[in-house]
Every structure is written in structure tokens, then in C-alpha cells.
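Here's the structure, in C-alpha cells; my notes come after.
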Amino acid sequence: MADPTIVPNNGALPKQQLHAKIMRGWARAIDKRGKGRFADDIGCSGTGLDKQLSGSLPSLESIDKALCVEPTVLDDWLAFRGMRVVAEDAICDVDDMQLLISRVLVMIAEAEHPDGPGGRTIVPQEYIAGEALIRQLHSATGRWLERCASIRRPREVRA
């Protein structure tokens, strides 16, 4: 789903730019699998692959086959559109963050509980015991803030 705070780039790409973005994905696949093996994977000859690399757009069937062996082949084109391919069963980062925040809250409540080692005062061993969890939270909130910064950053200026 596109970010509702960003005006999407609805203009069609010229063929050369579209080709360049798709071929970046092709190049990643060739780098990982080798040119001959990738050509075989997408059901095309070495000559056919050379034609695609030099200017012909691949067929939808070739793109589908390429996605089977290299899931990032469309990343550059989709990034231009402000989209990305994710697995249907992908886990949302926010779900993980909610669980992490809940775990941190429980840890803090236990550390500040009157029956704890230091009473309501958190003692050094409780700080050390919670360090890994707090570092995970710090990382997650850092990603959140990076996302906020990317939302505020202008993507494109239209005339």
C-alpha cells in the first residue's frame, strides 16, 4: 500500500528509464546466478538475454520467471513508484514493536516492584538484565524515527 502522506509519482516512465530500472534487477540476478543460468531460469537464450540487456523489455512471462529465482528484480522500478514486493505472510514491523514495548513495560514494572531486589529502586543487576531488551527497543524506535524523517523528506518536486 502506498504511503498516504506522499503524492505518488503517477507519470509513466519513458521506455529507456523503465528498461534501466528493470535491468538493474536483471543485473543483480546475473551477478548472483551467472548469465547462462539466469537465461535458462527465465527460459531464454543467451542471445535473447543480451537483447533484453541492450534495450528490449522482457516479457511479463520472463519477469514472472525472474521473480521466482530473484525476488528483487522489480525493486528499482517499484521503489520509483514508492512500493515494494513483500511476502504475503510477511510479519509487520509494528507487530514486533508492540510486543517489544509490552516486554519492556513488563520488565520495568518488575524492576520497580516493591518486592524486587531494590524495592522501588532499580538495582544494577536489573539494569544489566534488561540491557538487551532496551537495546532492541532503542533499535526499533530508531527505525521508527528514520521512517518519520523519510516521510518528511520531499520525494519529488513537480512543476
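Report, by residue number, each residue of the range 41-71 that is in a helix (DSSP H, G or I), under 15 Å from Ala29 (Cα atoms) and among the acidic types (Asp, Glu).
Asp41, Asp50, Asp64
Quick one: in the range 25-70, which of the residues that are open to solvent by less than 70 Å² (accessible area, probe 1.4 Å), under 21 Å from the mean Cα position of the chain (by Cα) and of a type outside the set (Val, Ile, Thr) is farthest from Val85 (Cα to Cα)?
The qualifying residue farthest from Val85 (Cα to Cα) is Ala27.
Could you say which residue among Ile108, Ile91 is more than 14 Å from the chain's Cα centre (by Cα) and either open to solvent by 80 Å² or more (accessible area, probe 1.4 Å) or at pLDDT 90 or above (or both)?
Ile108
With respect to Asp76, determine if the residue is surrounded by 13 or more Cβ atoms within 10 Å (Cβ to Cβ) and part of a helix (DSSP H, G or I).
For Asp76, the condition - surrounded by 13 or more Cβ atoms within 10 Å (Cβ to Cβ) and part of a helix (DSSP H, G or I) - is met.
Within the range 122-137, identify whether any single residue is open to solvent by 90 Å² or more (accessible area, probe 1.4 Å), farther than 25 Å from Gly34 by Cβ and among the hydroxyl-bearing types (Ser, Thr, Tyr), and answer yes or no.
Checking the range 122-137: at least one residue is open to solvent by 90 Å² or more (accessible area, probe 1.4 Å), farther than 25 Å from Gly34 by Cβ and among the hydroxyl-bearing types (Ser, Thr, Tyr).
What do you reckon, is Leu145 at negative phi, open to solvent by 80 Å² or more (accessible area, probe 1.4 Å) and among the aliphatic types (A, V, I, L, M)?
In short, yes.
Within the range 8-23, can you find the residues that are at pLDDT below 85 and surrounded by 13 or more Cβ atoms within 10 Å (Cβ to Cβ)?
Pro8, Asn9
If you take the residues of the range 64-123 that are among the small types (Gly, Ala, Ser) and touching a Phe, Trp or Tyr at 6+ places or on another chain (Cβ under 9 Å), which of them is farthest from Asp41 (Cα to Cα)?
Selected residue: Ala111.
Just the residues that are assigned to a loop (DSSP other than H, G, I, E, B) and at negative phi, please, taken from the range 101-134.
Glu112, His113, Pro114, Asp115, Gly116, Pro117, Gly118, Arg120, Thr121, Ile122, Val123
The values are calculated or read from the model by the stated rules, or taken from the named source; none is laboratory data. Quantities reported herein were computed from a predicted structural model and do not represent experimental measurements. Note: ideal-geometry Cβ built from the backbone for every residue, glycine included; neighbour counts use all protein chains shown. These accessible areas exclude ligands, DNA and RNA; they are computed on the full protein's heavy atoms, side chains included. Shrake-Rupley method; radii C 1.70, N 1.55, O 1.52, S 1.80 Å.
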